[in-house]
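Structure record follows, encoded as structure tokens.
The values are calculated or read from the model by the stated rules, or taken from the named source; none is laboratory data. Here the structure is a predicted model, which means the values were calculated and not measured. Glycine gets a Cβ as well: all are built from the backbone with ideal geometry, and neighbour counts include every protein chain shown. Please note that ligands, DNA and RNA were not included when accessible areas were found on the heavy atoms of the full protein model with its side chains. Shrake-Rupley method; radii C 1.70, N 1.55, O 1.52, S 1.80 Å.
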Amino acid sequence: MEIGVVLPVYNQRPQYIYECIKSLESQLFRNFQLVIVIDGANTETVKAVKKASKMLTIPYEIIFRNENKGIAYSLNQGFSHLNDCRFLTWVSSDNRHDPKFLQTLYKHLVNAPEETVLVYSLFKLIDQNGKNRVNDEIRRKKLEDFMSRNKADILQQNFIGASFLFKQSAYDKAGGYDSKFEKVEDYEFWIRLLRIGEIKFIAHFLMEYRLNGEHAYTTITQPEDIRIKSIAASHYHHMKQGNTPKVTVMTRFYNQRKNIRQAIESVLNQTLQDFQLIVIDDGSTDNPWEEILQYNDTRIIPVKIENGGKARALNIGLKFALGEYILELDGDDWLEHDTLETIVSGMSKQLDDMDLSFGDRKIYPNTKLK
């Protein structure tokens, strides 16, 4: 078989399972094999899988497991049954796939340069009733800009969606999925996979990603928890690669969208470039996230949390600080171009027991620096 597909299933609404399996049976590309992994699901879900799988005319196998061990474990177990497949992917039991899903991904990966290990595409958003959440064409431009990034940017933000195909050989070399990063297992896997080879983005909608499904982990898990887990995965790999900058700058924003660019660019334009910038959106209501994500720089770690006050936001940021020195920057302030260089130089001349330094500040009226 050319392609191996794994479908991990925990508790799920029967209708979603039927729609997912039907979309796989409807694939125009037929040279694929499906492994369904029952991950300790309830009786209703197991019955739904058995019933829906009867429509399949492609080779498939169902692995039954009474104990729930999570997506990462299930994926590795499923892929271990697909060793003869050149390419691999996996799908969620509440999503639906375009008939050209496998055909398009396969064609692009086969025709890509040899060093390409992953292709991925656009995806639509549907609600719990299967209806489009947003106008796809309006969403397309922003999504294309976000997803067509350089592979190094994966350490800043997960820009690879739920529609993808990768090489079996790259999966083996990366070491498969890691259960320590459950809930963000894909993201952590991408970080390792993208060290092995190149990627290719396909600007076509090839699947429908369901939001607000009653059993989806994005529904039953707080969004902040998922985002924090993603940052923890990135932090882990920064540490593993020895990315320890001289300075970590932490800036927290709460409804200060108009000041974001000035604050961030004052850090990016420092004479000392050996820094990490942790940008914390503390539950703002003026949508600063779009502004923050426009900066494609792996030194920037974007953090989006529920509003809990400045102290909580900075404490969360401190968990992911990599620098030898830490500087706090208020969201409506900015740095002079040589601030970091001056502070580091001053600290290096102090005795070893010196833990804090500070400097004077300029005060401007409520206006931007000219």
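I need the trypsin sites (Lys or Arg not before Pro) found in the stretch 40-111, filtered to DSSP loop residues with at most 12 other beta carbons within 10 Å of theirs. Sparse-neighbourhood loop trypsin sites (Lys or Arg not before Pro): Lys54. The heavy atoms of His108 present about 40 square angstrom of accessible area, all protein chains included, probe 1.4 Å.
With all protein chains kept in place, the per residue accessible area of the stretch 169-286 amounts to 42 square angstrom at a probe of 1.4 angstrom. Accessible surface of the stretch 118-179, 1.4 Å probe: 47 percent of it comes from carbon and sulfur atoms.
For the stretch 1-155, the per residue solvent-accessible surface stands at 46 Å², with DNA, RNA and ligands left out and a 1.4 Å probe.
Under 20 Å of direct C-alpha separation, and excluding same-chain neighbours fewer than eight residues apart, Lys107 reaches these lysines: Lys167, Lys200. In this structure Leu211 has an accessible area near 40 Å², from a 1.4 Å probe over the protein heavy atoms. Each helix, a run of at least 4 DSSP H residues, gives -39500 (n - 2.57); summed and divided by the residues of the chain, these come to -10000 deg cm²/dmol at 222 nm.
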